[in-house]
Every structure is written in C-alpha cells, then in structure tokens.
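J.: The following block contains the structure, expressed as structure tokens.
The values are calculated or read from the model by the stated rules, or taken from the named source; none is laboratory data. As the structure is a prediction and not an experimental result, all values here were calculated from the model. Heads up, the Cβs are rebuilt from the backbone with ideal geometry, glycines too, and the neighbour counts pull from every protein chain shown. The protein model used for the area step is the full one, side chains on, heavy atoms only, and it has no ligands, DNA or RNA in it. Shrake-Rupley method; radii C 1.70, N 1.55, O 1.52, S 1.80 Å.
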Amino acid sequence: MGRVENTVKRRRATVKDVALEAGVSRGTVSRVLNGQPYVSDEARAAIDAAIAKVGFVPNRAARSLVMQSSQAIGLIVHEPHSLFVEDPNIGSILMGANAALSEADYQLSVMIADSTRDIERLARYLSGGLIDGVIIVSARVGDPITRAIADLGLPAAFVGHPRDIGDAAYVAIDNRGAAREITTRLARTGRERIGMIASALDRDSGSDRLAGFVDALGNRFDPQLVERVPLYSYSDGQAGMRALLERAPDIDGVFAASDAVAAGAMDVLQSAGRRIPDDIGVVGFDDSTWALRCDPPLSTVHQPATELGRAAAESVLRQLRGEDPETGGRVLECPVVWRASA
C-alpha cells in the first residue's frame, strides 16, 4: 500500500497570530504592515521576528506585497441597502471621496453594512490587507465597525462625529446649530404649533438635529409634537406625518430631519387637503435632489455632501502619507436655503 498523502493544509497565519507572538496589539501590527509611524523600534523588531516565526504572509496581490499598499480605500456605509439607493447624500459623499482618491491614484471600494452578518464579514475582509484605509458613513455610537477598525489600526476618517471615536479623524457639519437656525426661521413665519419628524436618533446627526429643534423652541417645545422614526427615508416621513396629524391635527409647522422625510410628509399633508405653506409650513435638511422635486420647493439646510466625502478621503490619504491627522476634525458650513415650502 502506498504512502497516504496528508492533504490537511496548515492554517494560514493571521495578524492576530503575529500580535500574540510579539506581545502587542493587532493595531500595532497593522501599522507596521502598512508602513505607518508611531511604532517603537522595540515593538517593530518584535513584530518582524513574530512574522518570521509564524510564517505570516499578507493576503495581497504581488504588487501590494512589494509596496505594502493595496492602493484601495474602503467606503463603509452603515445603512440598509434600500436607503443606500434612495439617499442622494450617500451618492454625493461617494463621488466626492472618489474624486479625491482618483487624483491620488487610489481605488474606492464601497461596502454596505446592513446587518450583523455584514459587519462580521466586513471585519474579516478588512483584516485581510486588501484595504489601506477606510471612510465610515453613518456610524452609530458603540458601532462594531468602529471597534473593528480601531482593533486593526487602519487609517480612518468618519463622515459625522459619533461620540465614541476618541481622537479619530472626522469631517462633519454643525447639525445642531443648523437645525436650531431653520426651526427658528420657521417659527418666525408665525407658526404656533411646530412639530418634528425626528429620524436616525441612534447616530449623532439625528440626535443633534432633534437637540437643535428643542433649542430653537425653548419653552414652546412640546414633546408630544415630536414623532421618532428609524431612518432618513421617504416612507418614514409618510409614517411620521400620519402619526403627527392623528395626535395633533392643529399642527401648523413641521421640521423634517431630512429632505426625503420632508417629501414623504408633504405627500401625506397634501393628500389630507393641507395647503403648503398656507396651512402648514414644512422645512427639511440636506438640500438634496429631494428638495427641488417637492412642490412647492423645500426650504432646507444645505449639507455639503460632496465636500464631506472629499475631505474624508483627503484625511485618510494624509494618514497614509504619515502626516498627522487634523486634531478635532473638520466642521464644514451648512447654510439654510429658504424656498417656498414655509
């Protein structure tokens, strides 16, 4: 009888194996693999020795093995697949990021996280070395994507400013201040019963817009005139407006947390025979294509989505070049755009 061939393959060594052998974090190993600074000579030597001992080989193409770079940046959008298609802001962020990366000869890789399974899959993918850095859109506080990126030590920039990202780079707008400004302007049109369809309260943009609404109304704020909905979507705007009309039929002003939400609300109001702006004023947030598709055109806040995407990509590129990320992040201007809906 011939010799039986052992067909069981040895398990491929991982970043975690290197980190355990070297006695350092996975993030420190990732920084060494990506040629990043801020690693001591002692730790770097321990990691080099561990790589040799465990036989670690990054899962990259031949050029990447030489250059220690995949020339690809991931854009992670933590939203349902349906909203990725519906929300024009996401597309504008993507285009802005892609323009900046294209100028630097980097490829943009778009990833959608819609479930726990998606998040686990993305964490595995990111650990394979196929992405040099990431831009994160719509992260929540306590987001497992944020934790995975921190563990890997990937250069990263957030669009928005979740409260638990520490000193990570971010680009954002003043959601609270802009919401306060447009609500104040709505109140100055003589509205007495102003409500809000508050969306996406599990992330900084949604909670800050609600806070700005409360700031603007002060003692006039009535919590019964706030309807909370999950997403910045047209259908959530419809559902939120129906609930507000049922609870407060005398409502005469509405701040919708996004233009898509406002468009859904206006559809319900007009179907109920409410004239806009004669009977009720409506304002939104984003200044997206939704705003001009409304009839009458929507008063809103201009969110510079393309510029946000570009700025986030440029931040990641600076980190990849070994430059210090901007401390405290960047906050872009977001002026009110007043139209006929209020």
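J.: Does region 132-160 hold any residues that are surrounded by fewer than 22 Cβ atoms within 10 Å (Cβ to Cβ) and outside any helix (DSSP H, G or I), and which are they?
T.: Residues of region 132-160 surrounded by fewer than 22 Cβ atoms within 10 Å (Cβ to Cβ): 140-142, 144, 147-148, 150-151, 153.
Passing the criteria: 140, 141, 142, 153.
J.: Scanning for something assigned to a helix (DSSP H, G or I), open to solvent by 20 Å² or more (accessible area, probe 1.4 Å) and closer than 22 Å to residue 207 by Cβ, does region 104-116 turn up at least one residue?
T.: First, the residues of region 104-116 that are assigned to a helix (DSSP H, G or I): 116.
With open to solvent by 20 Å² or more (accessible area, probe 1.4 Å) added as a condition, the list becomes 116.
Imposing the further condition that a residue be closer than 22 Å to residue 207 by Cβ reduces the set to none.
No, there is no match, as no residue in region 104-116 is assigned to a helix (DSSP H, G or I), open to solvent by 20 Å² or more (accessible area, probe 1.4 Å) and closer than 22 Å to residue 207 by Cβ.
J.: Could you list all residues from region 179-194 that are out of contact with any Lys or Arg (no Cβ under 8 Å at 6 or more places or on another chain) and either assigned to a helix (DSSP H, G or I) or open to solvent by less than 10 Å² (accessible area, probe 1.4 Å) (or both)?
T.: Step one: list which residues in region 179-194 are out of contact with any Lys or Arg (no Cβ under 8 Å at 6 or more places or on another chain), which gives 180-186, 188-193.
Selection gives 180, 181, 182, 183, 184, 185, 186.
J.: Also, I was wondering about something else. If we only count helices (runs of 4 or more DSSP H) wholly inside region 6-94, which ones have 3 or more residues that are modelled with pLDDT of 90 or more? Walk me through it before giving the result.
T.: Working: elements: 15-22, 26-33, 41-54, 62-67, 81-86.
Ranges flagged: 15-22, 41-54.
J.: Just the residues that are open to solvent by 10 Å² or more (accessible area, probe 1.4 Å), of a type outside the set (Gly, Ala, Ser) and either part of a strand (DSSP E or B) or under 19 Å from residue 76 (Cα atoms) (or both), please, taken from region 168-178.
T.: Across region 168-178, the qualifying residues are 170, 173.
J.: While we're looking at this one, here's another question. Return yes when residue 87 is in contact (Cβ under 8 Å) with a residue 24 or more places away in the chain and within 19 Å of residue 207 (Cβ to Cβ) and no when it is not. Working first, answer last.
T.: On the way: in contact (Cβ under 8 Å) with a residue 24 or more places away in the chain: yes; within 19 Å of residue 207 (Cβ to Cβ): yes.
For residue 87, the condition - in contact (Cβ under 8 Å) with a residue 24 or more places away in the chain and within 19 Å of residue 207 (Cβ to Cβ) - is met.
J.: Which condition from (1) open to solvent by 50 Å² or more (accessible area, probe 1.4 Å); (2) in contact with a strand residue (DSSP E or B) (Cβ under 8 Å, 6 or more places away or on another chain) is the one that residue 276 breaks?
T.: (1)
J.: Still on this structure: Report, by residue number, each residue of region 12-43 that is open to solvent by less than 70 Å² (accessible area, probe 1.4 Å) and among the hydrophobic types (A, V, I, L, M, F, W, C).
T.: Of everything in region 12-43, those that are open to solvent by less than 70 Å² (accessible area, probe 1.4 Å) and among the hydrophobic types (A, V, I, L, M, F, W, C) turn out to be 13, 15, 18, 19, 22, 24, 29, 32, 33, 39, 43.
J.: Quick check on region 245-261. Is at least one of its residues touching a His at 6+ places or on another chain (Cβ under 8 Å) and open to solvent by 10 Å² or more (accessible area, probe 1.4 Å)? So that I can check it myself, show each step before the final result.
T.: Of the residues in region 245-261, the ones touching a His at 6+ places or on another chain (Cβ under 8 Å) are none.
No - not one qualifying residue is present in region 245-261.
J.: Could you check how many residues of region 117-131 are among the hydrophobic types (A, V, I, L, M, F, W, C) and open to solvent by 60 Å² or more (accessible area, probe 1.4 Å)? Show your work before the answer.
T.: First, the residues of region 117-131 that are among the hydrophobic types (A, V, I, L, M, F, W, C): 119, 122-123, 126, 130-131.
Filter again for open to solvent by 60 Å² or more (accessible area, probe 1.4 Å), leaving 130.
The number of residues fulfilling the criteria is 1.
J.: Does residue 333 satisfy the criteria of being within 19 Å of residue 212 (Cα to Cα), surrounded by fewer than 19 Cβ atoms within 10 Å (Cβ to Cβ) and acidic (Asp, Glu)? Break it down stepwise before answering.
T.: On the way: within 19 Å of residue 212 (Cα to Cα): yes; surrounded by fewer than 19 Cβ atoms within 10 Å (Cβ to Cβ): yes; acidic (Asp, Glu): yes.
So residue 333 passes the test.
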